[in-house]
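Report on the structure given below.
The values are calculated or read from the model by the stated rules, or taken from the named source; none is laboratory data. Fair warning: this is a prediction, and the values are worked out from it, not measured in the lab. Here Cβ is always computed from backbone atoms with ideal geometry, including for glycine, and neighbour counts include all displayed protein chains. All accessible areas refer to the heavy atoms of the entire protein, side chains included, with ligands and DNA or RNA removed. Shrake-Rupley method; radii C 1.70, N 1.55, O 1.52, S 1.80 Å.
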Amino acid sequence: MAIRTFLEAIRDTLGEEMRRDPSIIVLGEDVGVKGGVFLVTDGLHAEFGETRVIDTPLTESMIVGTSIGAAANGLRPVAEIQFADFIFPAFNQIVSEAARMRYRSNNAFGCPITIRAPYGGGVHGALYHSQSVEAFFTHVPGLKVIVPSTPYDAKGLLRSAIRDDDPVLFFEHKKMYRSVRGDVPDGEYTVPIGRAAVTRVGTRVTVVAYGLMAHYALEAAERVAEEGISVEVVDLRTLRPLDRETLLGSVRKTGKCLVVYEDNRFGGYGAEIAAIVAEEAFDYLDGPVMRVAGPDVPGVPYNHVLEDWFMVNPEKIAEGIRTLAAY
Amino acid sequence: MTATEHLGAAVGLGDDQLLAMYRMVALARAIDERMWILNRAGRVPFVISGQGHEGAQVGIVSALRPGLDWMVPYYRSIAAVLTFGMSPREIMLAQYAKASDPSSGGRQMPGHYGGAAYNILSSSSPVATQILHAAGIALAAQIRGTGQVAITFMGEGSSNQGDVHEGLNFAAIHHLPMILVVENNGYAISVPSVKELALPDVAARAAGYGIPGVIVDGADVLGAYRVAREAVERARTGGGPTLIEAKVTRLTPHSSDDQQTKYRTAEELAAERARDPLPRFREQLATAGILTPEIEGRLATEIAGLVDDATSYAESQPDPDPASATWYVYAEDRPATGGGAG
Ligand SMILES: Cc1ncc(C[n+]2csc(CCOP(=O)(O)OP(=O)(O)O)c2C)c(N)n1
Ligand SMILES: [Mg+2]
């Protein structure tokens, strides 16, 4: 057991998996000699060489599109999109090609690729270095979408993602890279894709969150505990496929559900969670399914006052919990 | 030296190979024509055609090694996939969208060729995405040292997409064993190439990537073979990618849903017939004494039989089971009891 940062857990996993399986390559912008703009791939180039750790041109569609082709011809690419905000040039390759390859070929071809991308706000990244893009992809059958919140989960889920035979998007909140630390076991372990975790047990309100918001949800739960509100926190960890059992099990127990996400509120991933809970746990609900989410403006503004206004934080979540608990 | 030896010798092909290539052009044409008849008879809802492009496709693909190399086709690639190993029955199974269609099990529109048994990667509808898949296949071939070449095809309209730039750039940087074939038929549906391209030749763009760009008359089957053989040789020996532009003619409307008389004059359409690769190749081989009337008759009978067989076979095959429509979204979505694809 060792204490690792969120970033170190991801970096360790890439190295360990590349040592285990020579078909794994890493490709992206600046991932080689520099080790990535966040240094997630630092050291890989020195260890595995430029054949397996490829500094690509500044062309995201190419990063994903060639990964798809390389996967068809026997490799297992792990592509890095430098910021989630810049994944859109590759949207067509991800959605039209990677996601549909297995279905459209009737299982003749798969697409075992992992696409890693740092996402999220609260780091003075403004409109184009702060986005949460998961909802664009969770909508698409054929894709798997993972948003881990702890070093343990990041490692276990990234390993599962790399070994998975289908395309996986792996979103890493950049604010957590160095600020979040945790225990990571020494040996090889995996966290299965598609399983949520109850990270705090409670009785009155279920808070559903993922990524950075999973941490803020725990902080909010702690605050309202002092006021006598017992909160259960469900960290989804994988957004697609969704662990309905854990989600609905918790809501059926507490009778109240607050969904928290950092992305814009309208049409965000949490809207789907709210719909599922309303459809499948209606008889158990003692109040409306509610959301705390980012405001509906086109991006996180740069100025710190404006950024604070945008970002969901523990106090905003606590307010949401109080409102819902009062029903 | 006889005329026969002369024709084949120039490109290093024997008479049998020349006849096999002719047979392939004629077979692709015959299947294609049958597809239209089936469409007009209401038997199949959609046709997209390769008529006019077959000579370039057969010539170029004949330079590859089926079973080793990879192909990432597009919707006009009927002759290309036949040359690479697909059978007339398999083409017709796709045309009828039957469960055993190797391209997609009846899930995709006809013309979206793919087949794991032949190293033909599944193709989609958004144009030009496939060039990046070919580049990725070539990258894997280079890293794994397999000696494979990846070839991909598209139209000149599609060659304007951003993925083409990204793909050629990457393939050129890494000297990837990739060949891009642009089949320039002068139209993107109804839009003529003067409104698609500021230059007459797509091949001129190759210079911007530091790779060879070669133009070939698509009705010249042996010319197409020759430039492809050079490109394959270059790719296989570490010389990097080649852009081949084949000037072809589209003898049919864009698809069975298009009315090309709205944007092409009767004169133009009549004149384009002169660019048909099939009669040209036939004449070439006949003049050289390779294609005798007797051989031609035998081939015609064989091809008619193959087309009839493929049609009745495909028509008799089962449709996909609606219960299978949820299979293979993910690798773990498999039929409950055994069963293969379809
Ligand atoms: C991205 C995208 N946009 C539009 C279409 C619709 N479309 C299909 S084929 C085509 C024209 C393609 O022309 P060209 O590349 O010259 O190929 P050709 O059909 O002439 O062989 C268009 C517009 C498409 N399939 N994909
Ligand atoms: Mg065209």
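Pick from B:Ser62, B:Ser316, B:Ser49 the residue whose mean-square fluctuation is largest in a GNM of chain B, springs joining Cα atoms under 10 Å.
Ranking B:Ser62, B:Ser316, B:Ser49 by mean-square fluctuation puts B:Ser316 first.
Taking the Cα centre of each part, how many Å lie between the range A:223-238 and the range A:55-115?
Taking the Cα centre of each part, the range A:223-238 and the range A:55-115 sit 37 Å apart.
For chain B, what does the accessible surface come to per residue with a 1.4 Å probe? Please give it in Å².
39
Share of antiparallel DSSP beta bridges in the range B:164-274, in percent to the nearest 5? Before the final figure, lay out the partial values.
Values: 2 of 13 bridges.
The antiparallel proportion sits near 15 percent.
On the accessible surface of the protein assembly as shown, probed at 1.4 Å, how many percent belong to carbon and sulfur atoms?
Taking all protein chains in place, the protein assembly as shown shows 54 percent carbon and sulfur surface.
Check B:Gly115: other-chain or 5+ apart residues with amide H under 5 Å from its amide H, H built from backbone geometry?
B:Ile120, B:Leu121, B:Ser122
Where does the charge balance sit around A:Ala2 when Lys and Arg score +1, Asp and Glu -1, over other residues with C-beta under 15 Å from its C-beta?
-2
I want the local charge near B:Phe281. Using Cβ-Cβ distances under 10 Å, sum +1 for each Lys or Arg and -1 for each Asp or Glu among the other residues.
-2
Is there a pair in B:Lys195/B:Lys247; A:Lys144/A:Lys316; A:Lys144/A:Lys253; A:Lys253/A:Lys316 whose C-alpha atoms are over 21 Å apart, and which pairs would that be?
On the way: B:Lys195/B:Lys247 17 Å; A:Lys144/A:Lys316 29 Å; A:Lys144/A:Lys253 28 Å; A:Lys253/A:Lys316 24 Å.
Over 21 Å apart, Cα to Cα: A:Lys144/A:Lys316; A:Lys144/A:Lys253; A:Lys253/A:Lys316.
Mind checking A:106-117 for the average number of partner chain beta-carbons within 10 Å of each residue's beta-carbon?
Going residue by residue through A:106-117 and averaging, the value is 5.
Out of residues 5 or more away from B:Asp101 or on other chains, whose amide H comes under 5 Å of its own, with H placed 1.01 Å from N in the peptide plane?
Amide H neighbours of B:Asp101: B:Gly106.
Across the range A:54-62, in residue order, what do the Karplus-derived ³J(HN,Hα) couplings come to in whole Hz, using 6.51 cos²θ - 1.76 cosθ + 1.60 with θ = phi - 60° and x for Gly and Pro?
With the stated coefficients, the range A:54-62 comes to 9, 6, 8, x, 7, 9, 5, 4, 5 Hz.
Could you state the angle between the C-alpha long axis of helix A:212-225 and the longest principal axis of the C-alpha atoms of chain A, as a value from 0 to 90 degrees rounded to the nearest 10?
Tilt relative to chain A: about 20 degrees.
Per residue of the range A:287-294, in order, report the coupling 6.51 cos²θ - 1.76 cosθ + 1.60 (Karplus, θ = phi - 60°) as ³J(HN,Hα) in whole Hz, putting x for Gly and Pro.
Residue by residue, the range A:287-294 yields x, x, 6, 10, 10, 10, 8, x Hz.
Enter the accessible area of B:Thr301 (Å², nearest 10), with the probe set to 1.4 Å and all protein chains included.
100
Counting only the heavy atoms of the protein chains, how much of A:Leu306 is accessible to a 1.4 Å probe, in Å² to the nearest 10?
Probe radius 1.4 Å; accessible area of A:Leu306 about 90 Å².
Tell me, what is the percent relative contact order of chain A, built from C-alpha pairs under 8 Å that lie six or more residues apart?
On the way: 740 pairs, mean separation 53.4, N = 327.
After rounding, I find 16 percent.
Along the range B:174-187, what does the Karplus equation 6.51 cos²θ - 1.76 cosθ + 1.60 (θ = phi - 60°) give for ³J(HN,Hα), rounded to whole Hz, x for Gly and Pro?
Rounded to whole hertz, the list is 9, 6, 6, x, 10, 10, 9, 10, 9, 8, 8, 9, x, 9.
How much mean residue ellipticity at 222 nm does chain A get from its helices, if each DSSP H run of length 4 or more adds -39500 (n - 2.57) and you divide by all residues, to the nearest 500 deg cm²/dmol?
On the way: 12 runs with 115 residues, N = 327.
One gets -10000 deg cm²/dmol as the mean residue ellipticity at 222 nm.
Per residue of chain B, what 222 nm ellipticity follows from adding -39500 (n - 2.57) for every DSSP H run with n ≥ 4, rounded to the nearest 500?
So the calculated ellipticity at 222 nm is -13000 deg cm²/dmol.
Other chains' Cβ within 10 Å of B:106-118 residues: what's the mean?
Mean shielding count: 2.
Using a Gaussian network model on chain B with a 10 Å cutoff between Cα atoms, which of B:Ala26, B:Ala286, B:Ala323 fluctuates the most?
Ranking B:Ala26, B:Ala286, B:Ala323 by mean-square fluctuation puts B:Ala323 first.
Scan around B:Ile244 for amide H atoms under 5 Å from its own, H built in the peptide plane at 1.01 Å from N, and keep only partners 5 or more places away or cross-chain.
Hits under the 5 Å cutoff: B:Leu180, B:Val181, B:Val182, B:Val214.
Using a 10 Å cut-off on Cβ atoms, rank the peptides A:311-320, A:4-13, B:206-215, A:71-80 from the highest mean neighbour count down.
Ranked by mean Cβ neighbours within 10 Å, highest first: A:71-80, A:4-13, A:311-320, B:206-215.
Could you state the angle between the C-alpha long axis of helix A:151-163 and the longest principal axis of the C-alpha atoms of chain A, as a value from 0 to 90 degrees rounded to the nearest 10?
With both axes taken from Cα atoms, the answer is about 50 degrees.
Over all residues in A:54-62, what is the mean tally of Cβ atoms on other chains that come within 10 Å of each residue's Cβ? Intermediate values should be presented prior to the final figure.
On the way: counts 4, 0, 5, 4, 1, 8, 1, 9, 13.
Mean partner-chain Cβ count within 10 Å for A:54-62: 5.
Quick one: angle between helix A:6-20 and the longest Cα principal axis of chain A, in degrees between 0 and 90, rounded to 10, please.
Roughly 40 degrees between the two axes.
So with the 1.4 Å probe, I'd like the accessible area per residue for the range A:197-325, rounded to whole Å².
Working: 5430 Å² over 129 residues.
Per residue, the range A:197-325 has an accessible area of 42 Å².
Accessible area, 1.4 Å probe, largest first: how do A:Phe48, A:Phe136 sort?
A:Phe136, A:Phe48
What's the total accessible area buried between chains B and A, using a 1.4 Å probe, rounded to the nearest 100 Å²?
3300
For A:Lys34, list the lysines whose Cα falls under 27 Å from its own Cα; do not include residues on the same chain fewer than 8 positions away.
A:Lys155, A:Lys174, A:Lys175
Below 15 angstrom from the Cβ of B:Ala94, what's the summed charge of the other residues (Lys, Arg +1; Asp, Glu -1)?
Net of charged neighbours comes to +2.
If you roll a 1.4 Å probe over the heavy atoms of the protein chains, what accessible area per residue do you get for the range A:1-151, in Å²?
In whole numbers, the range A:1-151 has 29 Å² accessible per residue.
Choose one answer from A:Asp42, A:Asp85, A:Asp183: the residue with the largest mean-square fluctuation in a GNM of chain A with alpha-carbon springs under 10 Å.
Its mean-square fluctuation being the largest, the pick is A:Asp183.
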